[in-house]
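One structure is given here, and the rest of the page talks about it.
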Amino acid sequence: MSKILIIGSTGQLAFDLIRVLKGGHEVIGSSRADFDVADSPAAGSFIKKARPDLIINTAAFHKTEECELNPERSFAVNSLGAYNVAKAAKETGAKFVFFSTDYVFDGSKKSFTESDAPNPLNVYGASKLAGELLTSAGNDNYYIIRTSWLFGIHRSGKGHNFVTLMLEKAKNGETIKVVGDQFGLPTYTHDLALKIKELIDKNAPAGIYHMANSGPCSWHEFAKKIFELAKLAPNLEQIKSGDGLSKIKRPEYSVLTSENLKREGIKNMRPWQEALGDFMLEYDKK
């Protein structure tokens, strides 16, 4: 049984990581109330006392709009914070897991593997790419997990995920405008947690792994499926990226495919439509 520290334990992904991993491992959590990952001495002190075998860092500054407005905080948490924890993990002999994003890519082709060159278009993507580089600089025993379009049952500090936001807007009778020209992979945090457990239990080699539910779609297609499963019929309009209020550059295509999981004999995650169906069943019970 390994001792696993999950940083950012009040978050959406951390919620599912805790419930998936606690069956076979000793899991402890920390939040920003315990320490800020951007504070190197505080991070090092906490980790030294905890002495985990594995550290999973889910702490992130990930509201894309806010990252553009506050790049200093974005890089402090997503980049320097990654280095601080990776370095502290190495000093205690722990493996380190860092989460990155499809936004490290520029959308210049239909899909991206781990070996494709990153080229982020916005501050969030740039800060996460810097976090990847600093993770590998701070600790050679690491997993960098790139994922995309997360949705989960637990409401985090970020507030809504896309699914719960769509459901709330529909129930409020709002006209809903969703872009139809950005394509990616919706990812259920419970499925992601299970795949990470598989990677850990298999003791796969260190490196970068792409993990997302399978089957590309646009945000508009994603919204349509949400309403279909929820048996709702709101006024849903498809718009283009340039028509929205946000002027932040986002990749047109950010579909993640994995060469490295295949190499290790680890299956891809199931289609996002199936995952969304299971999410809706749990959501309806709340």
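Here, each number is a calculation from the coordinates, and none is a lab measurement. Since the model is a prediction, treat every value here as computed from it, not as a measurement. When we count neighbours, we look across all protein chains shown, and the Cβ atoms used for this are built from the backbone with ideal geometry, even at glycine.
Please say if the range 162-211 is rounded, prolate or oblate, where rounded means a/c under 1.5 for a ≥ b ≥ c the square roots of the C-alpha gyration tensor eigenvalues, and otherwise the choice is prolate for a/b larger than b/c and oblate otherwise? In terms of gyration-tensor shape, oblate.
Rg/Rh for the range 147-233 stands at 1.04; both radii use Cα atoms, and Rh follows the Kirkwood definition. Each Lys or Arg adds one and each Asp or Glu subtracts one; over the other residues with Cβ under 11 Å from the Cβ of F99, this totals +1.
Give the cross-link partners of K177 among the lysines, using a straight C-alpha distance below 20 Å as the criterion and excluding same-chain residues fewer than 8 apart. Leaving aside lysines fewer than 8 places away in the same chain, those within reach of K177 are K63, K169, K224, K225, K231, K240, K247, K249. The HN-Hα couplings worked out from phi for the range 267-280 by the Karplus form 6.51 cos²θ - 1.76 cosθ + 1.60 (θ = phi - 60°) are 5, 5, 6, 5, x, 4, 5, 5, 4, 4, x, 5, 4, 5 Hz, whole numbers, x standing for Gly and Pro. Between C217 and G184, the built amide H atoms are under 5 Å apart, and every one of these is 5 or more places off in sequence or on another chain. Mean sequence separation of contacting Cα pairs (under 8 Å, at least six apart), scaled by the length of the range 131-286, corresponds to a relative contact order of 33 percent.
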